[in-house]
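Report on the following structure.
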Amino acid sequence: MVHTRASLTYTAPPALSSQPQFPHLLTALRHHLPLHNLHWKSAAHATLRTVQELHIDLVPLEGVRDEQASQVPVSLLERPLGNLFFVQCDDNDTYKTTVRKQIRDWVALVSQRKNQDYLIVLLVRPEARQQGGRLFQGMKSTMLDRLKSDFNNGKKDHCTQLHWSMSQDEPAGWADLITKLKDSIIASFDSAVTLREEEVRRSEAQRHMPGWNFCTFFVLKESLALSYEGMNLLEDALAVYDELEVSFYQVLREMNLSWFGKLGGQDPGDDSLPLLSLSKKPYRDLMLANTITVFDFRCYLLARQCSLLGQMLRVTRLARKAGGFITGFALTLEEESKDTFPEYFLESWQFSSALSVVDQCQAWARTVTLDTAATISLNGALSELLELARNQLDRIGLHTRHLPAVDPFLALARPDHASNLSEEEEERGKRTISNKELLAAVEGRDEFDRLYVATTKRAIEACVVSKRKRAALRLHFSLAVLDVVRGRPAAAASAYRSLPPHYAHSLWSTLEAALLARSLACHHLLPPTERAQSQNEWVADALGLMKAFVGVGKMGAGEVLEDAWEGETGGAGEVGEKEGGQKEVYFQELVRELREVAGRLEEDLRVTHHPALTLVLESKAARPAEGQDGCYLDIVVFNALPCDIAVDGIEVVLAGMNQGDKVVFRMGAVSITPGRAEFELFCPSPNSGLYIFDSSSILLSRITCYQSASSDADSAQTVRLPADYACTTVLASPPRTMHLDQSPRLMLTVVAGRNNIKRATFTVSDLSGNVSFQISGATRDWKNEDQGVLELTEEEIQVTKLPKYAELEVVLPYYGTDRGAGISLLIDGMYVTEDQPDLVRTLRVTRWVRVTLPMAVNVQDFFRGANTFSKFTIASDGQQYLRLLGAKLEGTTDLYDVKTCRNLSSAPTIVSPARQASFVFKLASKGISVASEAREPLRVVITYRSLWDEMFSVVSDHVKQITTALDIQEHAEWLREHIVTKLETEAEQLERYSATNLLQLRVSDNVWSEEASRYERGEKSRALLLEALARLVKVINDGAPVVPLKCNNRILSIPVDVPVTQILNRVHIDMPKQTNIYAGQPITTTLNICTTVASEQPDIHKMGFDVIADFSTWLVSGQKRGEFDVEGSITISVPLTLVPVRHGSLFLPQISVYPIPTENTPTMDGRPPELPTSDTYQANAAETVLVLNRAARTTYMINLPTFHSALGELAVA
């Protein structure tokens, strides 16, 4: 046994070694082992090597035998790498007389040994050092100095001291000893390696000289590798073995194998022993005796290399190296000596070696924690080894007829041997392999199957962990074939069925089709009961086979892959017999059987994006269905199979912009021919607008070939559905009568259009979710009560027997918070016509209804004695133009006489964003006293029309007359909408109409022509539409000013409180009757306040008054503020002096009269006192006083002298 662990010797004088604490000293030293971080830099190697951990054996000096010359190279670690001498001496005399001689004898002994350093350790007890003080400490230093002086040679320090005792073991006390131990070991090892490397170089240089032996050279150089391994320098050890491998290959190339025995492999157990075992044979002895075979040498060299890789935990590299060796060396054995081995020797050796390597690698891998990447890599290498082992079973199975000569076994068949055997071959046949499992597998098919399945499953598990999916699928395929051979079709079909999905994403259509064809063939081998139970699986296989034979082509359609079909029919006998050489017949039979089996399925099956049938939209616009609601959509279906496919229906779903808004186009049963087939789908629902392709479905019995839209928004397919202006629909608008004191309402108008409605049902909801509708509380409007029948439930509106072109109006109350100017309605329903009672049409429309008032109404009340005047000011909401037809004030006729201060025969008033209107009503009290709580509120009722409604009515009348004359009533709505749209685009239309009641259209014939062309109703209809448009433009532009009589009036009813006041004050300032009043002139006046308290206020009230004057106009002298009591009615007079500050026409100062709280004024819950209502009016508030300017001006005429030049004198004019 080669020693591969470093060692140190130790000794001590008898006086120390005999002490009881000496074994404890050795134990304390062993606790500091192994050594860590030893740094070695050799002269032959430029890089610094670090020994992370080095185990050391401590052996007594007496236990080491004396060194003797040996011709057999051994490991450098066979000899100690250092020697320790422990000494304890406190006395100089003892040292001189005894200790020094003992140390010198020891040094002389160990110095005779090559490459061994020595170290003298002076033991110092810590307690003795503390007791001795400075003098004692100095003596100890002197003892260490004496040792260094006597035994250090040169710069090498061979002495150290250790502070240790059994009671105190400080780690710091060992630091110097451990450091010097590392230096000593490295120095000894470096010297030994240098000498041994020199021997190796000399031996290698003599390679071409007579007498040189490769085995001797191998043992010599291997001693370096063993030494490196013992020093835990595994990389260096592996490098040495790699160099030896290279040297062997060089010798092999030179064909110089005289140092080896035979090729080998003939010993018992060579085919089954663990490949990486180092103890299965005495390899070193065989090499030294030059009797080792090539087989044993190669196995030993690999085992050494793998042992080092295992210690370095490079298990993946180990597995790959072993796998490569097994494969390569097996070829060498087969080429060199295939006829000398026992039968199945090569298979047994490869099988046993591969499995033993796998077991060894898994054992090493369990000792560490591997990350994900390392685990995948390791299992990938192990899966290759397991596949190698399984391949040997394929070879054995084919040779023993346990496996048939078919794919996938056929590729590994052994070559047949001649029938005439020589004597050596007969002798060889008498020998057998030693692997008992393989022997049992050779003799029995059941045992072979067990071993084959177990090995294959083990390989599959490794492939799955290493993510080698295709390798795992290949192994699954071989098990499926084995099930077929053994007569297990159900298991084989299940296995075949599970494999294609793994190949589908790689577009391996040939392989996928072959597997599915085998699965279908296995299905036909099942008993009828099992076949019925697995019909779902058969349908899936059939669809998968159709998909596998279709490649992706243009526009999502596929083409049958000829090469795939040929490859399948050539390899699958079952399909070839069924197909009979004609793929058309095969697919026709497959489709027929698919329909039959699918019809027996318990549930519908949806297949997504099956390439055999691909639907494509032919056009981006649907075509209107003439004479009925709905439209047609042109599509193209690509049949990629070579036969007709009879389907039960085709369906296309288009999605709108709103959630849940979908349109379905359908057609019935049809046969789809191979290649391109065009079809026309119909949708009976009258939807319009821009839609996006959502999905398509082709029904094949209970199978639905489903095709969804692409998730990429840029590639979305859009389809425009034409607007049908004569279809059944539901409109929404504000009600004609609005009561602000009632729950809000809106009006729905059910328009029959061209259809005689037999039954229609609708639901109404708010898209925002803020409003709820009380459908059971809806009422029918008064218009056209004799047309149609209205029925209401809690959730639906039902209309029956509504004739064509008739309308039914429903007023629908709602509650909730309507945020914004309007409500977005979703009207969802269905209807059936008299002409097509079996066809149910759906209707889904969104409508926006304005819920804000088109006008703003303000009221002001003026009290004048027993009369009250209420002024209502009506203004537009900023957008609307309204025609006010009248206003009246209703309610409380027993208390008041209400009179309108406006001539009832006066013309209607126009209200616009820039113009307001006012109505004044006089309420004359009848003197009946009623408590304020018992008074009913008044109600102002305003009748009006929107000018847009009038314009729409004018256009509607003209459209009705012209379409009736041309017999194109179906297009009346289209004509009306386009005329109104053109009017709305001109901003001045409303202003013109409000002033003149005239409309004016400015549209060219080209514009009408383009509009009619987009309507897509054929040339005949287009010509009639253009004629109708021309007539409409003419009659509108040439018509006389007229206000439509049939336009629906709207009524707004607003409740208003009855205007009352509890205290009424009449104020009058009496001015003197003077001719002229000048600025700054005092004017004596009298302020008269007449206060009347209502009869329901019998208490005495305290009142106050203030004179409010603008100081830039009047100065007031006198009692400007005062108080007085009133009960019933009272008049007070207050003298005042007014001084006008400026001249001009001046208004009199204002007077404010108000109630004042008293102690008797009622209060509630600590709030301010509740005062009676009071109103004050100044009788002469509209009068003005003419104030003259006091400053006067007088003009004087003065005669001035003038000079006459002719007279030469002054003259007085």
Test Val636 against the criterion of being open to solvent by 20 Å² or more (accessible area, probe 1.4 Å) and either closer than 25 Å to Glu584 by Cα or not in a loop (DSSP other than H, G, I, E, B) (or both), and give yes or no.
no
Every listed condition ((1) buried (at least 16 other Cβ atoms within 10 Å of the Cβ); (2) in contact with a Pro (Cβ under 7 Å, 6 or more places away or on another chain)) holds for Ser685 save (2)
For the structure I just gave you, tell me whether Ala44 is open to solvent by 10 Å² or more (accessible area, probe 1.4 Å) and more than 25 Å from Trp106 (Cβ to Cβ).
yes
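So that you can scan it fast, the table gives a plain yes or no per residue for (1) assigned by the TED database to the domain that holds Glu235; (2) modelled with pLDDT under 90:
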{"residue": "Ser279", "(1), (2)": "yes, yes"}
{"residue": "Leu286", "(1), (2)": "yes, yes"}
{"residue": "Leu302", "(1), (2)": "yes, no"}
{"residue": "Gln305", "(1), (2)": "yes, no"}
{"residue": "Ala319", "(1), (2)": "no, no"}
{"residue": "Gly328", "(1), (2)": "no, no"}
{"residue": "Glu347", "(1), (2)": "no, no"}
{"residue": "Gln350", "(1), (2)": "no, no"}
{"residue": "Ala354", "(1), (2)": "no, no"}
Would you check if Val670 is in contact with a helix residue (DSSP H, G or I) (Cβ under 6 Å, 6 or more places away or on another chain) and open to solvent by 20 Å² or more (accessible area, probe 1.4 Å)?
no
Please go through (1) aliphatic (A, V, I, L, M); (2) modelled with pLDDT of 90 or more; (3) closer than 12 Å to Leu1148 by Cα for Ile1089 and return the number of the only condition it doesn't satisfy.
(3)
Pairs please, first residue from the stretch 434-460 and more than 12 Å from Gly397 (Cβ to Cβ) and buried (at least 16 other Cβ atoms within 10 Å of the Cβ), second anywhere and modelled with pLDDT under 90 and among the acidic types (Asp, Glu), Cβ atoms under 9 Å, 6+ apart in sequence or on different chains.
Ser434/Asp270; Ser434/Asp271; Asn435/Asp271
Quick check: anything in the stretch 696-707 open to solvent by 40 Å² or more (accessible area, probe 1.4 Å) and within 28 Å of Arg1014 (Cα to Cα)?
no
Please determine whether any residue of the stretch 164-187 is touching a residue at least 24 places away in the same chain (Cβ under 8 Å), in contact with a Gly (Cβ under 7 Å, 6 or more places away or on another chain) and outside any helix (DSSP H, G or I).
yes
Can you find, within the stretch 461-491, the residue that is modelled with the lowest pLDDT among those that are surrounded by 18 or more Cβ atoms within 10 Å (Cβ to Cβ) and charged (D, E, K, R)?
Asp483
Would you pick out the residues in the stretch 862-881 that are of a type outside the set (A, V, I, L, M, F, W, C) and surrounded by fewer than 17 Cβ atoms within 10 Å (Cβ to Cβ)?
Arg864, Gly865, Asn867, Lys871, Thr873, Asp877, Gly878, Gln879
For the stretch 18-36, enumerate the residues that are touching a residue at least 24 places away in the same chain (Cβ under 8 Å) and either of a type outside the set (A, V, I, L, M) or within 20 Å of Leu122 (Cβ to Cβ) (or both).
Gln21, Phe22, His24, Leu25, Leu26, Ala28, Leu29, Arg30, His32
Any pair with Cβ under 9 angstrom, 6 or more apart, that starts in the stretch 981-993 at a residue that is within 13 Å of Gln880 (Cα to Cα) and open to solvent by less than 60 Å² (accessible area, probe 1.4 Å) and ends at one that is assigned to a helix (DSSP H, G or I) and of a type in the set (Phe, Trp, Tyr):
Leu990/Trp948
Leu109 is checked against (1) of a type in the set (A, V, I, L, M, F, W, C); (2) closer than 27 Å to His24 by Cα; (3) modelled with pLDDT under 80; (4) open to solvent by 60 Å² or more (accessible area, probe 1.4 Å) and fails just one. What number does that condition carry?
(3)
Failed criterion for Val840 (all others in (1) open to solvent by less than 60 Å² (accessible area, probe 1.4 Å); (2) at pLDDT 90 or above hold)
(1)
Residue check, Gln717 buried (at least 18 other Cβ atoms within 10 Å of the Cβ), in contact (Cβ under 8 Å) with a residue 12 or more places away in the chain and not small (Gly, Ala, Ser):
no
Just to be sure before I move on: is Asp242 touching a Gly at 6+ places or on another chain (Cβ under 8 Å) and either in a loop (DSSP other than H, G, I, E, B) or within 28 Å of Ile376 (Cα to Cα) (or both) in the structure I sent?
no
Could you tell me whether any residue of the stretch 844-856 is on the phi < 0 side of the Ramachandran plot, open to solvent by 60 Å² or more (accessible area, probe 1.4 Å) and touching a Phe, Trp or Tyr at 6+ places or on another chain (Cβ under 8 Å)?
no
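The values are calculated or read from the model by the stated rules, or taken from the named source; none is laboratory data. Only a predicted model underlies this, so the values are computations on that prediction, with no experimental measurement involved. For neighbour counting, all protein chains shown are included, and Cβ atoms are generated from backbone atoms with ideal geometry for every residue, glycine included. For the accessible areas, the whole protein counts, side chains as well, though only heavy atoms, and no ligand, DNA or RNA atoms are used. Shrake-Rupley method; radii C 1.70, N 1.55, O 1.52, S 1.80 Å.
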